[in-house]
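The values are calculated or read from the model by the stated rules, or taken from the named source; none is laboratory data. Since the model is a prediction, treat every value here as computed from it, not as a measurement. Cβ sites come from the backbone with ideal geometry, for glycine too, and all protein chains shown count toward neighbours.
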Amino acid sequence: MEVATSGASMSLVSENVRIEGELGGEENILINGRVLGSIKLNGDIVVGQSGVVEADIEGNTIVIQGTVKGNVTARNHLEIQATGKMIGDITAKSIDIKEGSTFEGRSRMIKPGRTEPSPAVPPTTPQTPAATAENPVTAGSKGRII
């Protein structure tokens, strides 16, 4: 997938560059080097084939061709290409995981009209009544044991 930059500039973290800390801003970024920390942009993010990111990432459209370890939130679209490796949870409006890629984690979809995912609803487990002297209950029983 080619990221449309709509005239916006593209910053580059080249292959021999290592950045530790927080990256933020309004631009698009191509990461071919190594980034440790956090990335929060109001632009598109591409992790190139040689890119290694150990950070939580938030951006508009995110394309992973290299390695990402951390949680990723794409306000629009997330794509993990065949060469990409993603370890962490992903949240996006749309997700495209290509054959040959690696994804280890959970995914959540952002519903249309929202910018954040709906809160997770914990699974419900059937409740078994507590055993008392008057009402002893054992697993699988449906009533009183005499």
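Does any residue of segment 41-51 turn out to be modelled with pLDDT of 95 or more, assigned to a strand (DSSP E or B) and either more than 26 Å from Pro112 (Cα to Cα) or not hydrophobic (A, V, I, L, M, F, W, C) (or both)? Within segment 41-51 (the criterion being modelled with pLDDT of 95 or more, assigned to a strand (DSSP E or B) and either more than 26 Å from Pro112 (Cα to Cα) or not hydrophobic (A, V, I, L, M, F, W, C) (or both)), the answer is no, since none of the residues qualifies. A Cβ distance below 7 Å, combined with a sequence gap of six or more or placement on separate chains, defines the contacts here; from segment 6-30, residues that are exposed (fewer than 12 other Cβ atoms within 10 Å of the Cβ) and part of a loop (DSSP other than H, G, I, E, B) reach no residue that is modelled with pLDDT under 95 and small (Gly, Ala, Ser). With the structure loaded, tell me whether Thr73 is in contact with an Asp or Glu (Cβ under 6 Å, 6 or more places away or on another chain), within 16 Å of Ser107 (Cα to Cα) and polar (S, T, N, Q) or whether it fails that test. The answer is yes for Thr73.
Taking the conditions exactly as written (over 16 Å from Asp56 (Cα atoms), surrounded by fewer than 17 Cβ atoms within 10 Å (Cβ to Cβ) and modelled with pLDDT of 95 or more), does Glu99 satisfy them or not? Considered against the rule, which asks whether it is over 16 Å from Asp56 (Cα atoms), surrounded by fewer than 17 Cβ atoms within 10 Å (Cβ to Cβ) and modelled with pLDDT of 95 or more, Glu99 comes out as yes.
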